[in-house]
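Worksheet: one structure, shown below.
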Amino acid sequence: MNKPNFFGDVQQFLNNYQLWIGIVLGWFLTRFMELLIKPNISFHLSDDREFTKVNKQYKFINLIVSNDKRNLLKKFLFGNSPINNARVWLRFKDYSSKSEFLKIDARWSSTKEPVDYNTNQVIFPEIIMPSRDTIPAGEQAAISVAIKEFGEDSFFAFNNQSYLHNWKNPDYELDEKKYWLEVRLLADGNEYLHEFLLTNPSKALRNFKLVN
């Protein structure tokens with residue numbers, strides 16, 4: 001009776017399936033390397049600003065996207081990667097159920113407004129094109145989130161299309177006291193998600209803010 005030959009069986013298995021094994025190992029190695037060189041993206045609260053326009057007080061809420069530098073070892077081995085042509089979506093979700101209430105393409109407020117400053121007219125091609133930005137390693141850029149006028153209960157999500165409606169797109173009106181804000185960033189085939197709490201407890205601008 002022949003004794004089982006463990007090593008012989010392993011060798012035969014490798015011979016029979018070496019192509020598939022190579023494919024699987026190659027896929028895992030590729031994914032591992034992608035994770036190592038993936039930019040270090042983080043999301044932060046911005047210094048919200050209040051301002052006056054035509055005797056009306058407003059408050060803009062923005063958030064910051066940072067492309068953080070790697071530590072010295074990772075920088076030496078893999079360098080620092082920019083995030084290229086990044087696109088962002090904002091989802092405003094019900095506070096209790098977390099069901100989606102509104103989803104919009106976000107505007108990079110670090111990019112030019114879609115307005116001709118000489119004529120003060122909106123530039124339509126820039127409005128319909130998704131807003132994108134590139135952030136080198138060690139730098140950051142801002143994203144517009146919402147705007148509120150003093151004395152009003154509701155506020156408005158904000159992006160390039162808001163310029164067609166004097167900043168207040170009626171389709172973007174939100175009137176609840178709290179929303180979850182989900183930020184989804186897509187760049188170079190990588191996806192990044194972060195969630196904030198957006199509060200709007202009164203007519204005052206002071207407590208209209210994001211909470212991390």
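What lysines does LYS148 reach when the alpha-carbon gap must be under 28 Å and sequence neighbours fewer than 8 apart in one chain are set aside?
Once the sequence-local lysines are set aside, what remains near LYS148 is LYS53, LYS56, LYS59, LYS93, LYS98, LYS103, LYS112, LYS168, LYS177, LYS178, LYS203, LYS209.
At 7 Å along the Cα-to-beta-carbon direction for both ASN166 and LYS69, put a label point, then send me their distance in nm to one decimal.
Placing both labels 7 Å beyond Cα along the Cβ direction yields 4.7 nm.
Please report Rg (one decimal) and Dmax (integer) in Å for the Cα set of the stretch 70-212.
Rg then Dmax for the stretch 70-212, in Å: 17.1, 54.
State the Kirkwood hydrodynamic radius of the stretch 136-200 in Å, one decimal place, computed from all pairs of distinct Cα atoms.
Values: mean 1/r = 0.0730 Å⁻¹.
13.7 Å is the Kirkwood radius here.
Compare the peptides 121-131, 144-154 by average per-residue count of other Cβ atoms within 10 angstrom and give them in order, highest first.
Sorting 121-131, 144-154 by mean packing, highest first, produces 144-154, 121-131.
Please report the antiparallel percentage of the DSSP beta bridges confined to the stretch 42-211, to the nearest 5. Could you put the intermediate results ahead of the total?
Values: 53 of 53 bridges.
Around 100 percent of the beta bridges assigned by DSSP in the stretch 42-211 are antiparallel ones.
For the stretch 145-164, list residues with backbone N below 20 Å from a point placed 7 Å from the Cα of ASN55 toward its Cβ?
149-152
Please work out how much length the chain gains when fully extended from LYS112 to HIS44, using 0.36 nm per residue of separation minus the C-alpha to C-alpha distance, in nm with one decimal. Mind dumping the intermediate values first?
Numbers: separation 68, 0.36 × 68 = 24.48 nm, distance 2.14 nm.
Between LYS112 and HIS44, full extension yields 22.3 nm more.
Every number in this text was worked out from the coordinates using simple rules, so none of it is lab data. Computed from a predicted model, the values in this text were never measured in an experiment. Ideal geometry is used to build each Cβ from the backbone, glycine not excepted, and the neighbour counts take in all protein chains shown.
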